[in-house]
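Here the structure is laid out as structure tokens; the discussion comes afterwards.
The values are calculated or read from the model by the stated rules, or taken from the named source; none is laboratory data. What you see is a predicted model, and the numbers here were worked out from it, not measured in a lab. As a convention, Cβ positions derive from the backbone with ideal geometry for all residues, glycine included, and neighbour counts pool all protein chains shown. Just so you know, the surface numbers come from the protein's heavy atoms only, side chains and all, with ligands and any DNA or RNA stripped out. Shrake-Rupley method; radii C 1.70, N 1.55, O 1.52, S 1.80 Å.
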Amino acid sequence: MRAKSGVVSHRKRVKVRKATKGMKQAPRSSYRLGKQAVTRSLHNAYRDRRNKKRDFRRLWVTRINAAARENGTTYSELMANLKASKIELDRKILAELAYSDAEAFKAVVDTVKK
């Protein structure tokens, strides 16, 4: 008697169906289209986890540059002076200061200018 893979195939399809929960129309009900949709969604998720880091860095740089220009300097000058004066504030923290606490950011810029 030959061994059939009914249980394995069924589990594989159930796994895809669970992954397509929340999708609309054919990918939700069709195994073939669901498998394609799941593969695509996993691919996009993997790519965008990396792109998110890039996007946030761009946002931080933009915020720092805008706040720096309000305080009479530029982003590149500010970053060079921070490095020269050995102040180790990363872009995330600087952007947060620029966004939420303008006085603290101004104090950092004044410290660096001296």
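For this structure, a couple of remarks:
- Test result for Leu78, modelled with pLDDT of 95 or more and either open to solvent by 60 Å² or more (accessible area, probe 1.4 Å) or charged (D, E, K, R) (or both): no
- Boolean, Ser9 is part of a helix (DSSP H, G or I) and at pLDDT below 95: yes
- Counted residues, region 84-114 - those being free of Cβ contacts under 8 Å to residues at least 24 places away in the same chain, touching a helix residue (DSSP H, G or I) at 6+ places or on another chain (Cβ under 7 Å) and not aliphatic (A, V, I, L, M): 0
- Matching entry among Asn65, Asn81 (being in contact with a helix residue (DSSP H, G or I) (Cβ under 7 Å, 6 or more places away or on another chain), within 27 Å of Lys52 (Cβ to Cβ) and among the polar types (S, T, N, Q)): Asn65
- Extreme residue, surrounded by the most Cβ atoms within 10 Å (Cβ to Cβ), among residues of region 16-59 that are among the aromatic types (Phe, Trp, Tyr) and at pLDDT 95 or above: Phe56
- Test result for Glu88, among the acidic types (Asp, Glu) and exposed (fewer than 11 other Cβ atoms within 10 Å of the Cβ): yes
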